[in-house]
1. I'd like to verify a number: residues in region 289-312 that are over 27 Å from THR155 (Cβ atoms) and under 16 Å from the mean Cα position of the chain (by Cα), how many?
2. Go through region 227-268 and give me each residue that's open to solvent by 10 Å² or more (accessible area, probe 1.4 Å), more than 30 Å from ILE165 (Cα to Cα) and of a type outside the set (Val, Ile, Thr).
3. Among (1) of a type outside the set (Asp, Glu); (2) open to solvent by 90 Å² or more (accessible area, probe 1.4 Å); (3) within 20 Å of the chain's Cα centre (by Cα), there is one condition TYR283 misses while meeting the rest; what is its number?
4. Could you figure out which of (1) surrounded by fewer than 21 Cβ atoms within 10 Å (Cβ to Cβ); (2) under 19 Å from the mean Cα position of the chain (by Cα) isn't true of GLY316?
5. Note down all Cβ pairs under 7 Å where the first residue falls in region 116-142 and is within 22 Å of ALA301 (Cβ to Cβ), the second is open to solvent by 40 Å² or more (accessible area, probe 1.4 Å) and not in a loop (DSSP other than H, G, I, E, B), and they're at least six residues apart or on different chains.
6. Mind checking which residues of region 287-305 are touching a strand residue (DSSP E or B) at 6+ places or on another chain (Cβ under 8 Å) and either open to solvent by 30 Å² or more (accessible area, probe 1.4 Å) or outside any strand (DSSP E or B) (or both)?
7. Quickly run through region 201-237 and pick out the residues that are among the polar types (S, T, N, Q) and more than 20 Å from the chain's Cα centre (by Cα).
8. Cβ-Cβ distance below 6 Å, separation of 6 or more or different chains: which pairs start in region 157-170 with a residue that is farther than 10 Å from ALA127 by Cα and end on one that is modelled with pLDDT of 95 or more and basic (Lys, Arg)?
Amino acid sequence: MSAEVVGVKTILVTGGAGFIGSNLCEYFLGKGYKVVCLDNFSTGHYHNLAAFEKEDNFRLIEGDIRNSEDCQQAVAGVDYVLHQAALGSVPRSIKDPVTTNEVNVTGFINMLVAARDAKVKRFIYAASSSTYGDSKGLPKVEEVIGKPLSPYAITKYVNELYAEIFGKTYGMETIGLRYFNVFGRKQDPNGAYAAVIPKFVMQLMQLNSPVINGDGAYSRDFTYIDNVIQMNELALLTTHPLALNTVFNTAYGDRNTLNDLVHYLKKYLAKYNPEIAKVPIEYGPNRMGDIPHSLASIDKAKEILGYRPRYSLQEGLEEAVAWYWKNLQ
């Protein structure tokens, strides 16, 4: 990791009550930063903030990025923005493209304008591997993308376009982090749009059969939360001139099939309950808007930011499963 920032700096984490946002809040509070969390709790949870909500260096603003006044209030006195607030999920965007666009595009512009007007030093935002769309090449390289396959993917690509223009037009420092299938502690296993790993963990813990979309041969570059935290910190601290106003893949740089994933989950969960090893797997139709395979090149992040991901899928799953077993019983 890079050296600490001199003096106490203030970071705004939008979507700070969500899975990734709350982990970022906790990490940077532990590093001695002041942290402001902006969240409307549409998908975030108060319990994600319980470990640190009473700390002197933490401040919670309950507000919505679709409201420009909430954005302006949140950036006051802030040095850095880690913009995580968004409506995720490809299926949700297909069902309700209007709300996805309002949050992910209008909300994003509101935050950029507020950060610009407050003269925030740097705006780091959660981009998405969905931006690669129908691009067939593997591994995915930042400069080569295809056409989006869902309304969600369109919104995340539009974020990148706006960030680039705000950098060129207003002199802002922006860095986009294209997240690849992030998982780990605090990821919500409930709800219609729960991510696959916590959803499968919960089902296996209850001895219910998880349902894989397709034949299980689709593959993903599953990325443990601590690798994502590392990338956010590197983006915040970097002084490399080529790091600004560009995007970086945020991943481990390896891919595993969904069949591999379930195999590992059963293996690690069976340490706590051997019956889980016997749970059969079911298969259903492929999901609309899904890409068959995803694998990131992390060469650009390694070269420019000094990124060295610490957790493979298996190492991350072992930690995540231990957290879920402790917290979801």
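The values are calculated or read from the model by the stated rules, or taken from the named source; none is laboratory data. None of the values given here were measured: they were computed from a predicted structure. Heads up, the Cβs are rebuilt from the backbone with ideal geometry, glycines too, and the neighbour counts pull from every protein chain shown. Side chains are part of the model used for accessible areas, which takes the heavy atoms of the whole protein and leaves out ligands, DNA and RNA. Shrake-Rupley method; radii C 1.70, N 1.55, O 1.52, S 1.80 Å.
1. The total comes to 1.
2. ASP254, ARG255, ASN256, LEU258, ASN259, ASP260, HIS263, TYR264, LYS266, LYS267, TYR268
3. Only one criterion in (1) of a type outside the set (Asp, Glu); (2) open to solvent by 90 Å² or more (accessible area, probe 1.4 Å); (3) within 20 Å of the chain's Cα centre (by Cα) is unmet by TYR283, namely (3).
4. The single condition GLY316 does not satisfy is (1).
5. THR131/TYR157; LEU138/HIS293
6. Passing the criteria: ARG287, ASP290, PRO292, HIS293, SER294, LEU295, SER297, ILE298, LYS300, ALA301, ILE304, LEU305.
7. GLN203, GLN206, ASN208, SER209, ASN213
8. Sorted first by the residue in region 157-170, then by its partner, the pairs are TYR170/ARG116.
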